[in-house]
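Worksheet: the structure to be examined is printed underneath.
The values are calculated or read from the model by the stated rules, or taken from the named source; none is laboratory data. As the structure is a computational prediction, the values presented were derived from the model and not from experiment. For neighbour counting, all protein chains shown are included, and Cβ atoms are generated from backbone atoms with ideal geometry for every residue, glycine included.
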Amino acid sequence: MACRPGSVARVQNSSGASVLVHWRRERSDTNRFVVEVVGLDMVALKQFQNRKPIPWPRLLAAYADTGDVRIDVELPPMVGNYRVQSGMLRFEPAYPLQPGVQYRAVCHPDALPGGRGSLVTATLKVPAQSTNPRTVVSRIYPSAGELPENLLKFYVQFSGPMQRGHIYEHIHLRNASGRDVELPFLEIDEELWDPSLTRLTLFIDPGRIKRGVRPLEEVGSSLQAGQRYTLVIDSAWNDGVGNPLRESFHKEFRVGPPNREPIDPTQWRIDTPKKGTRTPLRLTFPQPMDHALAQRVIRVGDPAGHLMAGETRLGNEERQWSFIPSQSWRGGRYELVVQTTLEDLAGNNIGKPFEVDLLEPVQRRISNSSVRVPFEVR
């Protein structure tokens with residue numbers, strides 16, 4: 001008969017006593033299992049132990065299960081250690097059992113001196129290890145602990161591809177009392193995923209950001225300055241292979257005053273590298289920039305006017321941008337080439353505040369318009 005780990009297979013011997021066989025997981029090592037047998041005649045078992053060598057596999061043996069006990073008992077048994085303690089016979093396999101494999105333990109009570117009774121079997125299916133680790137929310141941007149009251153969007157970054165559809169059932173914006181903010185997001189049918197389905201762009205409803213529009217006047221803003229909120233991604237959300245997230249994710253933040261000023265590159269601090277090195281070029285912004293756009297629309301032009309190859313990074317809660325060139329810096333005049341579609345956390349662009357057109361942040365197309373900021377490497 002079969003059993004799960006911790007359950008028991010039993011049969012009565014000729015004297016009416018029950019012989020029980022079960023697999024048990026070792027507490028000290030969750031990858032190891034042992035077989036325990038209780039109910040054997042201890043006097044007969046002691047006589048059995050007097051044989052040299054002790055033919056333990058004739059009494060109790062374990063096999064990789066083929067599904068047919070008659071075939072199993074003809075195969076070589078597993079190697080391991082036998083012990084008699086606390087009125088039971090215990091078999092400890094010499095090696096850990098393999099995930100996804102089923103094993104069978106077979107006890108022959110009639111192998112004992114004077115013993116009679118049917119054989120008792122117990123099977124164990126070791127759980128298979130997942131080949132794909134459970135998906136998690138790896139980061140939410142902006143990463144700052146204080147966000148403007150007119151925050152435009154979040155980016156939710158996952159460790160693996162996710163499923164489309166019904167995403168807003170699993171996303172909650174909660175106030176300091178733990179209550180959900182009513183309809184804070186722009187819930188559109190065309191979910192804003194990147195091609196890999198690992199990054200979701202989540203817009204705050206623009207109608208609850210811009211002044212002078214009905215949703216803001218009738219319902220109020222989604223975020224209020226001076227208050228604390230938590231963005232919650234719940235674990236019931238299924239990933240691309242249908243498994244729920246490994247755990248929920250919480251981003252706590254406080255809300256500061258709104259930011260309604262356009263981006264001004266002349267206010268950026270530029271830390272220039274030395275020639276002959278690959279030291280990063282660093283920009284420090286007065287306020288955080290949009291995480292995705294800042295890495296895509298800020299480029300570096302070399303003295304010959306060509307865009308340079310290299311790696312860009314954002315740090316310090318998206319307040320610092322750095323560029324590491326593929327080749328060492330040469331001395332000369334360089335320039336930052338920045339598309340005017342760069343955004344800060346409130347959706348303000350270079351030279352243009354967000355509050356221009358209600359639907360513009362969602363429908364805007366990136367243009368080729370750019371500004372150039374010179375700097376020199378010495």
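Some points to look at:
- Selected residue [touching a strand residue (DSSP E or B) at 6+ places or on another chain (Cβ under 6 Å) and over 16 Å from THR230 (Cα atoms)] from LEU173, LEU192, LEU202: LEU192
- Number of the exception - LYS275 against (1) in a loop (DSSP other than H, G, I, E, B); (2) assigned by TED's automatic domain parsing to the domain that holds ASP180: (2)
- Residue within segment 129-136 that is surrounded by 14 or more Cβ atoms within 10 Å (Cβ to Cβ), outside any loop (DSSP other than H, G, I, E, B) and on the phi < 0 side of the Ramachandran plot present: no
- Listed by first and then second residue, the pairs linking a residue in segment 151-171 that is surrounded by 14 or more Cβ atoms within 10 Å (Cβ to Cβ) to a residue that is part of a helix (DSSP H, G or I), with Cβ atoms under 7 Å apart and 6 or more places separating them unless they lie on different chains, are LEU152/PRO361; TYR155/HIS291; TYR155/ALA292.
- Close pairs from segment 213-239: first not assigned by TED's automatic domain parsing to the domain that holds HIS170, partner at pLDDT below 95, Cβ under 6 Å, at least 6 apart: none
- Qualifying positions in segment 252-272 - in a loop (DSSP other than H, G, I, E, B) and either closer than 30 Å to THR230 by Cβ or basic (Lys, Arg) (or both): PRO257, PRO258, ASN259, ARG260, GLU261
- Here VAL101 meets each of (1) β-branched (Val, Ile, Thr); (2) under 30 Å from PHE285 (Cβ atoms); (3) surrounded by fewer than 18 Cβ atoms within 10 Å (Cβ to Cβ) with one exception, condition (2).
- Members of segment 144-184 that are assigned to a strand (DSSP E or B) and either aliphatic (A, V, I, L, M) or in contact with a Pro (Cβ under 6 Å, 6 or more places away or on another chain) (or both): LEU147, PRO148, VAL156, MET162, ILE171, LEU173
- Number of the exception - HIS306 against (1) assigned by TED's automatic domain parsing to the domain that holds PHE354; (2) touching a residue at least 12 places away in the same chain (Cβ under 8 Å); (3) farther than 13 Å from LEU336 by Cβ: (2)
- Considering segment 321-373, and only residues there that are loosely packed, with under 13 Cβ neighbours inside 10 Å and at positive phi, the residue that is modelled with the highest pLDDT turns out to be GLY332.
- Residue list for segment 185-207, restricted to those being more than 13 Å from LEU151 (Cα to Cα) and touching a Pro at 6+ places or on another chain (Cβ under 7 Å): SER196, LEU197, THR198
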